[in-house]
Amino acid sequence: MLSQISKYYLILITVFAIFSCKEKPEEQNIEKTKPNLLFIFADQYRQASLGFLKEDPVYTPNLDQLAKEGVFFSEAVANNPLCSPYRAMLMTGRYSLSTGVVENCNSQRTALGNYLKKDEICFSDVLVENGYSAGYVGKWHLDGPESTPPDVKRVWDTWCPPDRRHGFSFWYAYGTHNRHNNPYYWTTDGGENDKVYTKQWSAEHEADVIIDYLKNNEKQRKADEPFALFWSINPPHTPFKQVPERYRKRYEGMTHKEVLNRPNVQFNDNYDLKRGDHGVAKRLDQATDYFASVNGVDDQIGRVITKLKEAGLYENTIIVFSADHGEMLGSQGLMHKNVWFKEAYKIPLIVHYPKKVKPKKDDILLSVPDYMPTILGLMGLEDKIPDVVEGENYADLFFDKPVNRPEKQLYFGGKSFASKGDARGFRTKEYTYAVVKHESGEKFHYLYNDAEDPYQMKNIWGEDPALDKKMKKELAKLLTSMNDSW
């Protein structure tokens with residue numbers, strides 16, 4: 001018969017054993033509950049082409065649902081509304097002057113340092129160092145092709161070798177091309193001469209690749225690690241006409257004048273030498289194809305979301321949807337991007353994390369360098385944000401905690417370092433202000449009261465000298481704080 005003391009020790013040992021057995025699985029569960037990340041950005045996708053905003057005549061039920069269940073940032077902008085500069089800011093959390101990527105990467109800009117540097121600490125580097133399997137699918141456009149002189153035709157695309165991929169262990173990407181219907185890719189283990197060609201619409205093909213990545217039957221990622229997957233979709237970038245017929249059918253019989261419903265669209269050429277692009281009216285008939293491509297992008301994103309749900313990954317995956325810049329589509333008499341007008345400057349930004357974040361709309365003036373630190377903060381990696389990051393961590397706003405909200409968003413219209421002409425500006429809740437400086441040194445000012453003139457149809461520069469002076473002073477202060485000698 002056991003003594004009272006023996007019974008006491010037996011009880012203690014039993015209790016200790018029970019809790020010891022529980023401890024190990026709990027520790028394992030902590031690792032398993034790290035959120036996955038799926039960061040999607042579509043090229044040249046303007047904010048107005050989110051269906052739930054009821055601006056452009058588009059059909060985007062999957063993105064609409066993400067926004068309904070997630071956080072929609074209504075005032076997000078592309079600070080430098082161009083492909084490569086956005087990507088460099090996204091990956092580094094730093095502004096264009098700091099990354100050196102002020103324009104799109106091509107062979108005539110490589111000698112100027114216009115490419116993502118090997119020693120940058122990127123979003124993916126941080127994630128990999130903290131236990132993530134990282135993958136990249138789609139358009140990269142951050143490497144500098146071998147340099148060519150100005151009198152030789154520029155080269156746009158180039159292979160990204162493994163030692164320049166910043167931790168991405170799964171790679172199914174290309175530098176840059178606009179072959180939507182017959183794209184090619186470089187794969188994880190393939191060499192420079194090992195392109196993979198496919199005759200399939202690029203957004204659809206990439207969705208197939210991502211679905212396979214999620215299945216992981218071919219061990220594209222480590223099964224015991226959370227994943228961080230970046231998907232750069234080239235459509236709805238030009239050429240707009242390269243879109244499957246099934247998406248075009250939605251606009252069958254409709255003209256560009258019916259679908260381009262913004263009051264600032266100019267259907268006749270009104271070429272502005274200071275900021276413009278002639279021949280716009282001849283290209284506006286492509287508007288229905290642009291919107292058809294938007295519909296198609298949403299459809300392919302929906303396929304990936306379905307697979308996340310089937311695999312039981314949906315609730316614990318942070319899904320971000322954004323774009324590198326927008327598209328003018330005839331607004332202000334312009335096509336494409338790289339200007340301060342809303343159609344090019346404002347971009348979608350949806351952050352969806354149903355496990356922890358409640359749905360809402362937020363009008364914070366978020367900038368692209370804020371994305372990296374904010375998402376890292378949401379992922380519980382706020383203490384891993386690199387010191388060199390220039391953006392801010394606003395993760396507290398996901399949980400309705402107070403943050404210091406910025407008053408301005410930088411506009412940077414860069415040209416290569418060999419040029420003396422470019423543009424700078426900023427945006428507030430009330431105004432958009434931009435200054436274009438030509439190589440001659442002459443400056444042209446553009447000021448819009450967005451609160452009263454949401455389509456920016458009237459340049460009010462010169463109407464109120466006191467306001468003009470304030471804008472110039474505020475811009476000088478902002479640029480000085482960023483060490484911009486402009």
- Item | Antiparallel %, DSSP beta bridges [both residues in the chain], to 5 | 55
- Note on the structure: So residue 245 and residue 399, fully extended at 0.36 nm per residue minus their Cα-Cα distance, gain in nm 51.1 nm
- Query: Using only helices, what value at 222 nm comes out for the chain when you add -39,500 (n - 2.57) per DSSP H run of length 4 or more and divide by the total residues, to the nearest 500 deg cm²/dmol?
  - Reply: -8500 deg cm²/dmol
- Message: What whole-number distance in Å separates the alpha-carbon centres of the stretch 52-101 and the stretch 129-173?
- Response: 21
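Rounding to the nearest 20 debye, state how big the charge dipole of the chain is about its Cα centre with +1 on each Lys and Arg Cβ and -1 on each Asp and Glu Cβ.
Once rounded to the nearest 20, the dipole reads 300 debye.
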- Item | Residue exposure sequence - 479, 214 - by fewest surrounding Cβ within 10 Å | 479, 214
- Message: Translational diffusion coefficient of the stretch 420-481 at 37 °C, 0.692 mPa s, Stokes-Einstein with Kirkwood Rh over Cα pairs, in µm²/s as a whole number.
- Response: 270
- Just grab the label-to-label distance for residue 212 and residue 117, each label 7 Å out from Cα along the Cβ direction, in nm (one decimal). 3.7
- Message: On a full-extension model of 0.36 nm per residue, what is the gain between residue 283 and residue 194, subtracting their alpha-carbon distance, rounded to one decimal in nm?
- Response: 28.4 nm
- Taking every DSSP beta bridge that has both residues in the stretch 66-221, what percent is antiparallel when rounded to the nearest 5? 45
- Task: Would you kindly state how much longer the chain becomes between residue 445 and residue 255 on full extension, computed as 0.36 nm times their sequence separation minus their alpha carbon distance, in nm to one decimal?
- Result: 64.9 nm
- Query: Tell me, 337, 118, 153 in order of fewest to most beta-carbon neighbours within 10 Å?
  - Reply: 153, 118, 337
- Note on the structure: Percent relative contact order for the chain, counting Cα pairs under 8 Å at least six residues apart, stands at 22
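Would you list 374, 238 from fewest to most Cβ contacts within 10 Å?
Ranking 374, 238 by Cβ neighbours within 10 Å, fewest first, gives 238, 374.
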- Using r as the Cβ-Cβ distance of residue 53 and residue 179, and R0 as 22 Å, what FRET efficiency do you calculate, to the nearest 0.05? 0.10
- Spatial extent of the stretch 36-408: Rg and Dmax, with the Cα atoms as the point set, Å: 19.6, 58
- Determine the alpha carbon to alpha carbon distance for each of 139/355; 257/360; 68/257; 54/337 and list only those over 32 Å. 257/360
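Laboratory data are not the source of any read-out in this text; all were calculated from the coordinates shown. Quick caveat, the model's predicted, so the values are computed rather than measured. All Cβ positions, even for glycine, are placed from backbone atoms using ideal geometry, and neighbour counts span all protein chains on display.
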